[in-house]
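> My questions will all concern the structure given below.
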């Protein structure tokens, strides 16, 4: 399992849009918000899946940047 937490910075006029887009993603949960930023947790089976979700969020209209806060992994599934 891989657990990552991110802080996402947005243009203020896109907060609702970004929030709704994040809510449609599997394995992603908004755990907090303040002003123009969100704290999210991503729980996936592999680091690749986690990175793909983070990149998808980064590309949403209105997202200025995102920062990885923590990244924990153990017993990662090996793709053969």
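The values are calculated or read from the model by the stated rules, or taken from the named source; none is laboratory data. Everything numeric here is computed off the predicted structure, so don't read it as measured data. Cβ sites come from the backbone with ideal geometry, for glycine too, and all protein chains shown count toward neighbours.
> Report every pair of residues separated by at least 6 positions or lying on different chains whose Cβ atoms are under 8 Å apart, first residue within the stretch 60-72 and over 12 Å from residue 38 (Cα atoms), second in a loop (DSSP other than H, G, I, E, B).
62/11
> In the stretch 22-35, how many residues are assigned to a loop (DSSP other than H, G, I, E, B) and at pLDDT 95 or above?
Adding up the residues that qualify gives 4.
> Given the conditions (1) in contact with a helix residue (DSSP H, G or I) (Cβ under 9 Å, 6 or more places away or on another chain); (2) in contact (Cβ under 8 Å) with a residue 40 or more places away in the chain, report the number of the one that residue 40 does not fulfil.
Of everything listed in (1) in contact with a helix residue (DSSP H, G or I) (Cβ under 9 Å, 6 or more places away or on another chain); (2) in contact (Cβ under 8 Å) with a residue 40 or more places away in the chain, residue 40 misses just condition (2).
> Then there's this: Restrict the check to the stretch 37-46 and report whether at least one residue is at pLDDT below 95, assigned to a loop (DSSP other than H, G, I, E, B) and touching a strand residue (DSSP E or B) at 6+ places or on another chain (Cβ under 8 Å).
For the stretch 37-46, residues at pLDDT below 95, assigned to a loop (DSSP other than H, G, I, E, B) and touching a strand residue (DSSP E or B) at 6+ places or on another chain (Cβ under 8 Å): present.
> Could you please find all residues in the stretch 7-21 being in a helix (DSSP H, G or I) and in contact with a strand residue (DSSP E or B) (Cβ under 6 Å, 6 or more places away or on another chain)?
Result: 18, single match.
> Here are some conditions: (1) part of a strand (DSSP E or B); (2) out of contact with any helix residue (DSSP H, G or I) (no Cβ under 7 Å at 6 or more places or on another chain). Residue 55 meets all but one. Which one does it not meet?
(1)
> Just give me the residues in the stretch 24-53 being under 16 Å from residue 10 (Cα atoms) and either surrounded by 15 or more Cβ atoms within 10 Å (Cβ to Cβ) or within 9 Å of the chain's Cα centre (by Cα) (or both), in sequence order.
Once the filter is applied, which keeps residues that are under 16 Å from residue 10 (Cα atoms) and either surrounded by 15 or more Cβ atoms within 10 Å (Cβ to Cβ) or within 9 Å of the chain's Cα centre (by Cα) (or both), the stretch 24-53 yields 30, 33, 36, 37, 38, 39, 40.
> Still on this structure: Report the residue count in the stretch 58-73 for those that are surrounded by 12 or more Cβ atoms within 10 Å (Cβ to Cβ) and out of contact with any helix residue (DSSP H, G or I) (no Cβ under 7 Å at 6 or more places or on another chain).
The number of residues fulfilling the criteria is 5.
> Here is a follow-up. Do you know which residues across the stretch 9-26 are touching a helix residue (DSSP H, G or I) at 6+ places or on another chain (Cβ under 9 Å) and more than 13 Å from residue 61 (Cβ to Cβ)?
25, 26, listed by residue number.
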